[in-house]
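> Pasting a structure below so you can have a look.
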Amino acid sequence: MCQINERFRIGEFMEVDIIGTAGEVTDERVAGKNVAVIDVFRATSVMVTAFANGAREIIPVTGIEESFRLRDEIVARHRQSGDNGPVLLGGERKTVIIEGFDLDNSPLRYSPDIVRDATIVMSTTNGTRAVNCARGAAEIYVAALLNADAVARRLGERGEDIVLVCSGRHDRFTIEDALCAGMMARYLGRHYGYKLTDIAWWCADVYRRYEDDLQQALDHCEHYHNIKGRWAEDIAWCLRRNVTDVAPHIVKEGGIRL
Ligand SMILES: O=C(O)[C@H](CS(=O)(=O)O)OP(=O)(O)O
């Protein structure tokens, strides 16, 4: 981590900034920057799990009708080209599967036997929306606690300004995303000498305080309490740190790939 006086020598270091919710993302804040979008509960944890288990591509879509239309288009394209990879619809509304979809928003459903070589059209309340809100950025990576250091390394190696976008929930700040952003900001400060903006420094400091017991922080997290009854196994899955090195990112055709 940079020394305090170093933190204020503006202009000497590239910077890590954090945006607290998807609704606060503007083109102005992300233009020309390298971004990582974070939605620990659960969309980006699902994406990271799917790629770790062999998925080919995930296309983040905001609307449900658009998801069905896109799925049909991809199936038709695959049929024409003789591509046999599965095409799946995944996501949620109000935390449960969308009628007519193949998969919900549980990372545990995205197992290798289901997602290997799959193209997944995905629509969730917060996470896929956050990815689409950030499309004005130079590069967009997908991060969760599961792959936090791997994405931080990818971003740090580029040596350019970074914005970590927390999806939040219904445009409200959530603790689990901020902990992940803080973990990444701390890593970038320590290993790549990045200067942290005030919010990035704050999240990194909060992460440092709770890193040995994330549960203590989550006890104060509304989103955690909302989903813990039904999705306790998912939460346990999503809270594991650095279990994979995958660093999914948006490719120029618009989908997310490795
Ligand atoms: O299913 C989830 O985990 C959430 C649903 S909710 O809006 O937080 O109830 O969606 P996500 O887009 O993964 O945050």
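The values are calculated or read from the model by the stated rules, or taken from the named source; none is laboratory data. Here the structure is a predicted model, which means the values were calculated and not measured. No Cβ is skipped: glycine too gets one built from the backbone with ideal geometry, and neighbour counts run over all protein chains shown. Keep in mind that these areas ignore ligands, DNA and RNA; they rest on the heavy atoms of the full protein, side chains included. Shrake-Rupley method; radii C 1.70, N 1.55, O 1.52, S 1.80 Å.
> Scan segment 94-113 for residues that are farther than 16 Å from Asp234 by Cβ and in contact with a strand residue (DSSP E or B) (Cβ under 8 Å, 6 or more places away or on another chain) and jot them down.
Taking segment 94-113 and keeping what is farther than 16 Å from Asp234 by Cβ, we get 98-102, 112-113.
Correct list: Ile98, Gly100, Phe101, Asp102.
> Same structure, new question: Restricted to segment 90-101, and to residues that are under 16 Å from Pro60 (Cβ atoms) and assigned to a loop (DSSP other than H, G, I, E, B), which residue is nearest to the ligand (Cβ to nearest atom)?
As a first pass, look at segment 90-101 and keep what is under 16 Å from Pro60 (Cβ atoms): 90-93, 98, 101.
Subset that is assigned to a loop (DSSP other than H, G, I, E, B): 92, 98, 101.
Working: Glu92: 4, Ile98: 11, Phe101: 12 Å.
This residue is Glu92.
> Checking the conditions here, which among Val75, Val131 is within 12 Å of the ligand (Cβ to nearest atom), out of contact with any Phe, Trp or Tyr (no Cβ under 9 Å at 6 or more places or on another chain) and in a helix (DSSP H, G or I)? Before you say what the answer is, go through the steps one by one.
On the way: Val75 fails: within 12 Å of the ligand (Cβ to nearest atom).
That would be Val131, the only listed residue that is within 12 Å of the ligand (Cβ to nearest atom), out of contact with any Phe, Trp or Tyr (no Cβ under 9 Å at 6 or more places or on another chain) and in a helix (DSSP H, G or I).
> Starting from segment 115-138, take each residue that is in contact (Cβ under 8 Å) with a residue 60 or more places away in the chain and open to solvent by 10 Å² or more (accessible area, probe 1.4 Å) and list its partners that are of a type in the set (Lys, Arg) and within 16 Å of the ligand (Cβ to nearest atom), counting only C-beta distances under 8 angstrom and pairs at least six apart or across chains.
Final answer for the pair search is Asn126/Arg169.
> Now for a different question. Give me the residue from segment 1-29 that is at pLDDT 95 or above and assigned to a helix (DSSP H, G or I) and, out of that set, most open to solvent (accessible area, probe 1.4 Å).
Ranking the candidates gives Glu28 first.
> Name the single residue, out of those in segment 158-191 being within 19 Å of Trp237 (Cα to Cα) and part of a loop (DSSP other than H, G, I, E, B), that is nearest to the ligand (Cβ to nearest atom).
By that ranking, first place goes to Ser167.
> Can you tell me which residue is nearest to the ligand (Cβ to nearest atom) among those in segment 30-72 that are open to solvent by 20 Å² or more (accessible area, probe 1.4 Å) and assigned to a strand (DSSP E or B)?
Applying the first criterion (open to solvent by 20 Å² or more (accessible area, probe 1.4 Å)) to segment 30-72 yields 31-33, 52-54, 56-57, 59, 62-66, 68-72.
Next, from what is left, pick out any that are assigned to a strand (DSSP E or B): 31, 57, 59.
On the way: Ala31: 24, Glu57: 19, Ile59: 15 Å.
Looking at the filtered set, the residue picked out is Ile59.
> While we're here: Cβ-Cβ distance below 7 Å, separation of 6 or more or different chains: which pairs start in segment 46-75 with a residue that is closer than 19 Å to Asp113 by Cα and end on one that is open to solvent by less than 40 Å² (accessible area, probe 1.4 Å) and of a type in the set (Phe, Trp, Tyr)?
From residues that are closer than 19 Å to Asp113 by Cα, the pairs are Val46/Tyr110; Thr49/Tyr110; Ala50/Tyr110; Asn53/Tyr110.
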